[in-house]
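The values are calculated or read from the model by the stated rules, or taken from the named source; none is laboratory data. Not measured: the values here are computed from a predicted model. Neighbour counts run over all protein chains shown; Cβ positions are idealised from the backbone, glycine included.
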Amino acid sequence: MTSPAAIDTVLAAVDEGLDQSLERLFHLLRIKSISTDPAYAEDCRKAADWIASELAGLGFDASSRPTPGHPVVVAHGPEQEGPHVLFYAHYDVQPVDPLHLWETNPFEPVIKEQDGRKVIVARGASDDKGQMLTFIEACRAWKAATGSLPIRISMLLEGEEESGGKNLPPFMREHAAELKADIALVCDTDMWDRQTPSITTMLRGLVADEVEITAANKDLHSGMFGNAARNPNQLLAEIIASLRAPDGSVTLPGFYDDVAEISPELKAQWAGLGFDEKGFLGGVGLSTPAGEAGRSVLEQLWARPTCEINGMSGGYTGDGFKTVIPAKVSAKISFRLVSGQDPDKIRKAFRAHVESMLPPDCSVTFAPHGGSPAITVPADGEFLHKALQGLSDEWNKKAVITGAGGSIPVVGDFKKILGLDTLLIGFAHVDDQIHSPNEKYDLESYHRGIRSWVRVLGALAQ
């Protein structure tokens, strides 16, 4: 049990130690831990070793563990009363190309003024070293101010998130017993806006298939064979057009069978976020929502499944014109799924739909590209509500529950391999330019991110 007075003491330690905390962050940002380029393998190892050493200095049983790729840092705090949390982040970063677009050295962090705010500029400042250190520095402040952590804390920090993360799931399976906890915490997301903290509790799943349709045994002259020969381009267009109804819904049989409506309370909260639908679409040159009719854009993005055509190829597409009927055509089609939908069921329904539309003389092959279920944290979860309260206390504004239209594979792995729900709590902003030149992290995001974790850990200990 932690008292308000204890939390105030820890927060004071955060404020007093901010300059030293920034020095540690800058040291880590200078390490060129680019995971996708083998030339930086030693830098990735150096980053992992530095993090493990810092955690050991805070009393964690910490080590840098080898994998077939870059190391994974595992750390365990002392046994404590209350819940046991597993914190995840990644220490690797994206390449810096194109280098000439950076205003300063990407691996020499600086603090700049930007739109009236102080920001930390460096590769990894936001994604994910700055976010990772907000949690580690909150643990440091608890130790400095009270001599102990408020709850049992373990950490899993990887070095391959930016290069596919293929070695983490096998590592998690091998060490599943060691990594068991009550809840996972991930700090790799945004706030809703600069004043409103948020917890992402909904991530859509994904099913992707590449379809190849074959008609004739070779490309044909459209003057000599047109009309008489089946044109697979037309067939593919008909199949694709059949996947959506005029109201924007997906037509696959059974597609919505397992899709639940969000609660009226959550729908009302999203309506109150002040999301600018026109501005969102206008920013990319569009004006009219194209998904299911009668649903808000946020609902379409966060809580409804979708079908998207990601690529089409067939016939001659080079310069000039070639009057050909292609023998083969293909398309890449993906489905974003919501909680309750089974990726295998959706894939089978899609393939059955395509096969049902094949006329004589045509055949189809499929190549799968990913399949993962959606993730939803129960809205009535005790950990969720305690974390929301901690964030609200720090920002003096009610924290909100948000969804995400994309997928974060590690969150699915936590559920599938370790049986853990995940709270995604981040302090980044949409203008942080992650993966781009001049990546930045607001100094307020860093400072108040640390303070926020202090409060969240204190709330979880109640």
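Conditions first: (1) modelled with pLDDT under 95; (2) crowded, with 18+ Cβ neighbours inside 10 Å. GLY370 passes all but one, so which condition is the exception?
(2)
Which strands (runs of 3 or more DSSP E) sit wholly inside segment 343-462 and have at least 3 residues that are over 30 Å from LYS332 (Cβ atoms), under 23 Å from the mean Cα position of the chain (by Cα) and among the charged types (D, E, K, R)? I'd like the intermediate steps shown before the answer.
Values: elements: 363-372, 400-404, 422-424, 440-442.
Because the criterion is at least 3 residues that are over 30 Å from LYS332 (Cβ atoms), under 23 Å from the mean Cα position of the chain (by Cα) and among the charged types (D, E, K, R), no strands (runs of 3 or more DSSP E) in segment 343-462 meet it.
Can you pull out the residues in segment 148-184 that are touching a strand residue (DSSP E or B) at 6+ places or on another chain (Cβ under 9 Å) and either part of a loop (DSSP other than H, G, I, E, B) or hydroxyl-bearing (Ser, Thr, Tyr) (or both)? So that I can check it myself, show each step before the final result.
Initially, segment 148-184 is screened for residues touching a strand residue (DSSP E or B) at 6+ places or on another chain (Cβ under 9 Å), giving 151-163, 165, 167-168, 171-172, 175, 178-184.
Matches in segment 148-184: ILE151, SER154, GLY159, GLU160, SER163, GLY165, ASN167, HIS175, LYS180, ALA181, ASP182.
Is at least one residue of segment 224-247 without any contact (Cβ under 8 Å) to a residue 60 or more places away in the chain, out of contact with any strand residue (DSSP E or B) (no Cβ under 9 Å at 6 or more places or on another chain) and either of a type in the set (D, E, K, R) or not assigned by TED's automatic domain parsing to the domain that holds MET357 (or both)?
Scanning segment 224-247, I find at least one residue that is without any contact (Cβ under 8 Å) to a residue 60 or more places away in the chain, out of contact with any strand residue (DSSP E or B) (no Cβ under 9 Å at 6 or more places or on another chain) and either of a type in the set (D, E, K, R) or not assigned by TED's automatic domain parsing to the domain that holds MET357 (or both), so the answer is yes.
Looking at segment 203-212, can you tell me whether even one residue there is in a loop (DSSP other than H, G, I, E, B), closer than 30 Å to TYR88 by Cβ, within 32 Å of the chain's Cα centre (by Cα) and small (Gly, Ala, Ser)? Before you say what the answer is, go through the steps one by one.
Within segment 203-212, the first condition is being in a loop (DSSP other than H, G, I, E, B), and the residues that meet it are 204.
If we keep only those that are closer than 30 Å to TYR88 by Cβ as well, we get 204.
Then drop every residue that is not within 32 Å of the chain's Cα centre (by Cα), which leaves 204.
Retained after the next criterion (residues that are small (Gly, Ala, Ser)): none.
Looking through segment 203-212, none of the residues is in a loop (DSSP other than H, G, I, E, B), closer than 30 Å to TYR88 by Cβ, within 32 Å of the chain's Cα centre (by Cα) and small (Gly, Ala, Ser).
Would you check if there is a residue in segment 166-179 being acidic (Asp, Glu), out of contact with any Leu (no Cβ under 6 Å at 6 or more places or on another chain) and in the same structural domain as ILE408 (by TED's automatic domain parsing)? So that I can check it myself, show each step before the final result.
So in segment 166-179, the residues acidic (Asp, Glu) come out as 174, 178.
Those left that are additionally out of contact with any Leu (no Cβ under 6 Å at 6 or more places or on another chain): 174, 178.
Within this subset, residues satisfying the condition of being in the same structural domain as ILE408 (by TED's automatic domain parsing) are 174, 178.
Yes: segment 166-179 contains one or more residues that are acidic (Asp, Glu), out of contact with any Leu (no Cβ under 6 Å at 6 or more places or on another chain) and in the same structural domain as ILE408 (by TED's automatic domain parsing).
Here are the criteria: (1) closer than 30 Å to ASN217 by Cα; (2) at pLDDT 95 or above. Tell me which single one ASP257 does not satisfy.
(1)
When you go through (1) of a type in the set (Asp, Glu); (2) within 24 Å of the chain's Cα centre (by Cα); (3) surrounded by fewer than 24 Cβ atoms within 10 Å (Cβ to Cβ); (4) within 26 Å of ALA141 (Cα to Cα) one by one for ASP92, which number turns out not to apply?
(3)
Looking at (1) surrounded by fewer than 21 Cβ atoms within 10 Å (Cβ to Cβ); (2) on the phi < 0 side of the Ramachandran plot; (3) modelled with pLDDT of 95 or more, find the lone condition where GLY147 falls short.
Unmet for GLY147, out of (1) surrounded by fewer than 21 Cβ atoms within 10 Å (Cβ to Cβ); (2) on the phi < 0 side of the Ramachandran plot; (3) modelled with pLDDT of 95 or more: (2).
Go through GLU54, GLU108, GLU79 for me and flag whichever is in contact with a strand residue (DSSP E or B) (Cβ under 9 Å, 6 or more places away or on another chain), over 26 Å from THR189 (Cβ atoms) and touching a residue at least 60 places away in the same chain (Cβ under 8 Å).
Values: GLU54 fails: over 26 Å from THR189 (Cβ atoms); GLU108 fails: in contact with a strand residue (DSSP E or B) (Cβ under 9 Å, 6 or more places away or on another chain).
Going through GLU54, GLU108, GLU79 in turn, the sole match is GLU79.
I'm told GLY82 meets every condition in (1) surrounded by fewer than 18 Cβ atoms within 10 Å (Cβ to Cβ); (2) assigned to a strand (DSSP E or B) except one. Can you identify the failing condition by its number?
(2)
In segment 383-412, which residues are within 19 Å of ARG448 (Cα to Cα) and aromatic (Phe, Trp, Tyr)?
TRP395
State the number of residues belonging to segment 166-191 that are crowded, with 20+ Cβ neighbours inside 10 Å and either of a type in the set (Asp, Glu) or within 15 Å of the chain's Cα centre (by Cα) (or both).
7
Quick one: ASP43 ticks every box in (1) in contact with a helix residue (DSSP H, G or I) (Cβ under 7 Å, 6 or more places away or on another chain); (2) buried (at least 21 other Cβ atoms within 10 Å of the Cβ); (3) among the charged types (D, E, K, R) bar one, so which box is it?
The one condition ASP43 does not meet is (1).
Hey, could you check segment 1-34 for residues that are assigned to a helix (DSSP H, G or I) and among the hydroxyl-bearing types (Ser, Thr, Tyr) and say which is farthest from the chain's Cα centre (by Cα)? Give the derivation first.
At the first step, the residues of segment 1-34 found to be assigned to a helix (DSSP H, G or I) are 4-16, 18-29.
Retained after the next criterion (residues that are among the hydroxyl-bearing types (Ser, Thr, Tyr)): 9, 21.
Working: THR9: 33, SER21: 26 Å.
Filtering segment 1-34 for residues that are assigned to a helix (DSSP H, G or I) and among the hydroxyl-bearing types (Ser, Thr, Tyr), the one farthest from the chain's Cα centre (by Cα) comes out as THR9.
Answer yes if at least one residue in segment 231-251 is surrounded by 11 or more Cβ atoms within 10 Å (Cβ to Cβ) and either closer than 23 Å to GLN195 by Cα or touching a His at 6+ places or on another chain (Cβ under 7 Å) (or both), and no otherwise.
no
Which of (1) closer than 30 Å to PRO106 by Cβ; (2) crowded, with 20+ Cβ neighbours inside 10 Å; (3) touching a Leu at 6+ places or on another chain (Cβ under 7 Å) does LEU424 not meet, given it meets every other one?
(3)
If I ask for residues that are of a type in the set (Gly, Ala, Ser) and more than 20 Å from ILE34 (Cβ to Cβ), which ones from segment 54-108 would you list?
Initial filter on segment 54-108 (of a type in the set (Gly, Ala, Ser)): 56-57, 59, 62-64, 69, 75, 77, 82, 89.
Matches in segment 54-108: ALA56, GLY57, GLY59, ALA62, SER63, ALA75, GLY77, GLY82.
Restrict the check to segment 120-143 and report whether at least one residue is more than 16 Å from the chain's Cα centre (by Cα), surrounded by fewer than 20 Cβ atoms within 10 Å (Cβ to Cβ) and in a helix (DSSP H, G or I).
Yes, segment 120-143 contains a residue that is more than 16 Å from the chain's Cα centre (by Cα), surrounded by fewer than 20 Cβ atoms within 10 Å (Cβ to Cβ) and in a helix (DSSP H, G or I).
Can you list residue pairs whose Cβ atoms sit under 6 Å apart, with the first residue in segment 387-403 being free of Cβ contacts under 8 Å to residues at least 60 places away in the same chain and the second being in a helix (DSSP H, G or I) and among the acidic types (Asp, Glu)? Count only pairs 6 or more apart in sequence or on different chains.
none
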